[in-house]
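A.B. asks: Below is a structure I'd like to ask you about.
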Amino acid sequence: MKESDRSSFGSRFGVIVAMVGSAVGLGNIWRFPYLVGENGGAAFILIYLLFSVLISLPVFCAEFVIGRRGRASAVGAFRNLAPGTKWYLSGFTSILAVFLILSFYSVVGGWGIKYMVDSVLLKFTQDAAGTDFAAGFAQFSTGNWAPLVYMLIFVVITAAVVILGVEKGIERFSKWIMPILFVLILVLVVRSAFLPNSDVGYRYLFQPDFSKVTSQTFIAALGQSFFSMSLGMGAIIIYGSYVKKSDNILSHSAITVGLDTLFALLAACAIMPAVFSFGVEPGQGPGLVFVTLPHIFSNMPLGSLVAFLFFFSLLLAAVSSAISLVEVMVSFLIEECRCSRKLAVFISILTQAVFGTLCSLSLKPGSPLTLGGLTLFDLFDKISSDYVLTIGALLIVLFVGWKMKKADFMDEMTSGGTIRLPKWLANTIYWLIKAVAPLAILTILIFS
Ligand code: TRP
């Protein structure tokens with residue numbers, strides 16, 4: 001494809017909005033707090049932060065470089081950059097990842113819609129304080145029909161946005177949502193701070209207890225860091241391929257990684273004090289946020305209104321993340337299988353709906369949809385981040401560090417020499433990509 005034929009983002013601001021829109025989603029607000037709870041709090045957060053700076057930021061730059069220089073989606077970009085080699089095969093891990101992630105992501109997106117509807121039905125007013133929200137969540141999420149209907153609504157909304165195309169769909173849409181969501185989370189952080197016993201939550205978040213760290217903590221933190229920043233499966237390759245040569249890769253990457261981390265930390269600060277204040281079980285897994293938030297809403301003035309605004313913006317944040325996943329599948333089908341855009345979106349919706357259904361039904365107690373004691377939902381959730389994304393990220397850094405010429409990498413990082421990047425900084429990023437990240441990822445994979 002010629003440069004001029006490829007659609008591109010309308011502005012630099014648009015690029016950042018789209019990348020942050022892809023990164024900030026259920027991963028920050030749903031997955032991060034529940035993993036913090038499962039992995040014992042502060043020590044997990046510390047490891048997470050360390051990995052985000054030392055591994056995820058370099059991986060982000062590497063993916064960006066591959067996308068902008070390769071000018072195609074994952075498989076095509078590898079083929080353009082290393083013609084005649086087998087590197088393009090590594091693009092296929094991204095299809096597996098999309099497939100696994102979209103399945104459970106749609107289910108959780110559906111849960112968000114259900115809670116948005118509940119807030120319209122005034123289920124989170126102060127009269128509801130004292131309700132057993134844990135039982136309510138369990139009953140809903142293990143049901144036969146309701147979670148499936150909500151999941152389908154989520155799938156259809158996502159597909160509608162993708163059909164509108166890059167600029168009109170993704171860019172316009174994300175601009176407004178992130179600031180709104182940010183303010184709402186701040187409101188929750190403040191409300192949580194004034195709950196009785198909130199200090200227990202803060203101690204849990206900020207006082208590391210390293211006796212709780214196991215090899216599983218490391219892989220969970222690394223997988224979550226990739227998941228949250230949309231790394232390891234070519235989403236940033238695609239977005240990078242839409243970005244103009246003059247844009248500064250390092251600053252775009254740093255802004256996205258920074259904002260994503262900020263959202264995750266704030267979400268944890270909103271949830272954890274409330275968890276301890278209301279006696280919610282911190283290690284309960286995927287239901288954590290959906291059990292805790294209703295407690296916060298029903299203990300504040302205008303709770304239903306705040307709940308509605310929150311779940312509405314969470315839905316949009318989840319959709320803006322899901323579209324980047326769907327884009328990976330859709331552009332693969334368009335570029336590799338020569339499908340029309342409509343057909344590609346249709347195939348994507350269909351797989352999303354079928355496997356989302358299986359994930360959702362696997363949560364029913366006694367469901368046969370389990371493997372090795374894990375429900376299909378948990379299995380997809382864990383395998384995708386902990387293994388598929390980490391292996392995808394490993395291949396990406398190996399490619400940039402060992403296959404691509406250093407001069408080509410530097411050319412991208414400095415936009416052909418037009419951006420003055422301090423030498424030490426460019427070299428540090430390069431060595432993080434070439435040596436530190438691959439060694440760290442390999443070690444963690446082997447020991448887990
Ligand atoms: N980062 C998103 C979130 O935190 C999820 C997501 C979107 C994603 N695109 C991705 C995860 C690509 C991995 C790869 O909710």
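What follows is calculated from the coordinates using simple rules that are stated; it is not laboratory data. Keep in mind the model is a prediction, meaning the values are calculated, not measured. Cβ placement follows ideal geometry from the backbone for every residue including glycine, while neighbour counts extend to all protein chains displayed.
A.B. asks: Which FRET efficiency value, to the nearest 0.05, is calculated for residue 207 and residue 305 with the Förster distance at 41 angstrom and r the Cβ-Cβ distance? Please report the intermediate quantities before stating the final value.
C.D. replies: Values: r = 35 Å, r/R0 = 0.85.
Efficiency computed from Cβ-Cβ geometry: 0.75.
A.B. asks: Can you tell me the 0 to 90 degree angle between the C-alpha axis of helix 57-70 and the longest principal axis of the chain, rounded to 10?
C.D. replies: That works out to roughly 50 degrees.
A.B. asks: Among 328, 213, 289, which one moves the most in a GNM of the chain with springs linking Cα atoms closer than 10 Å?
C.D. replies: Most flexible of the set in this elastic network: 213.
A.B. asks: Test of understanding: in a Gaussian network model of the chain with alpha carbons linked when under 10 Å, which of 278, 263, 32 would top the mean-square fluctuation ranking?
C.D. replies: Highest fluctuation of the listed residues: 278.
A.B. asks: Something else now. Which order do 188, 421, 102 fall in if you start with the one that has the fewest other Cβ atoms within 10 Å?
C.D. replies: Working: 188 22, 421 18, 102 28.
Ascending Cβ contact count within 10 Å gives the list 421, 188, 102.
A.B. asks: Here is a further query. Using R₀ = 41 Å, calculate the FRET efficiency as 1/(1 + (r/R₀)^6) where r is the Cβ-Cβ separation of residue 351 and residue 176; round to 0.05. Could you put the intermediate results ahead of the total?
C.D. replies: On the way: r = 30 Å, r/R0 = 0.73.
After rounding, the FRET efficiency stands at 0.85.
A.B. asks: Another question, if that's okay. Assuming R0 = 30 Å, can you tell me the calculated FRET efficiency for the pair residue 370 and residue 117, based on Cβ-Cβ distance, to the nearest 0.05?
C.D. replies: Numbers: r = 29 Å, r/R0 = 0.97.
So the FRET efficiency works out to roughly 0.55.
A.B. asks: How big is segment 50-111 in terms of Cα radius of gyration and Dmax, in angstroms?
C.D. replies: In order Rg, Dmax, the Cα atoms of segment 50-111 give 14.5, 45 Å.
A.B. asks: Using a basic spin-label model with each label point 7 Å from the Cα along Cα→Cβ, how many nm lie between residue 50 and residue 139?
C.D. replies: For residue 50 paired with residue 139, the spin-label model returns 4.5 nm.
A.B. asks: What do you get for the angle between helix 42-51 and the principal long axis of the chain? Use alpha-carbon atoms, 0 to 90 degrees, nearest ten.
C.D. replies: That helix lies at roughly 20 degrees to the long axis.
A.B. asks: Using just the helices of the chain, give the 222 nm mean residue ellipticity in deg cm²/dmol: DSSP H runs with n ≥ 4 each add -39,500 (n - 2.57), and the total is spread over all residues, rounded to 500.
C.D. replies: On the way: 21 runs with 299 residues, N = 448.
Mean residue ellipticity, 222 nm, calculated: -21500 deg cm²/dmol.
A.B. asks: Suppose each label sits 7 Å from its Cα in the direction of the beta carbon; what would the residue 216-residue 403 distance come out to in nanometres?
C.D. replies: Result: 3.4 nm between the two label points.
A.B. asks: Another question about this same structure. So how many Lys-Lys pairs in segment 323-448 land under 27 Å Cα to Cα, not counting same-chain pairs under 8 apart?
C.D. replies: For segment 323-448, the number of qualifying lysine pairs is 9.
A.B. asks: Report the residues of segment 293-334 in range of a label on residue 164: point 7 Å along Cα→C-beta, backbone N strictly under 18 Å from it.
C.D. replies: The answer is 312-328, whose backbone nitrogens lie closer than 18 Å to the label point.
A.B. asks: Neighbour counts of other C-beta atoms within 10 Å: give me 71, 203, 31, 338 arranged from fewest to most. Write out the running numbers ahead of the final one.
C.D. replies: On the way: 71 19, 203 15, 31 25, 338 9.
With the fewest neighbours first, 71, 203, 31, 338 line up as 338, 203, 71, 31.
A.B. asks: Okay, moving on. Between residue 262 and residue 343, what is the label-point separation in nm under the 7 Å Cα-to-beta-carbon projection?
C.D. replies: Simple spin-label model gives 4.4 nm for this pair.
A.B. asks: Rounding to the nearest 10 and keeping the result within 0 to 90°, find how far the Cα-based axis of helix 12-23 lies from the longest principal axis of the chain.
C.D. replies: Result, in degrees: 50.
A.B. asks: Taking every eigenvalue of the Cα gyration tensor of segment 3-447, multiplying by 5 and rooting it, what semi-axes result, largest first, whole Å?
C.D. replies: 35, 24, 21
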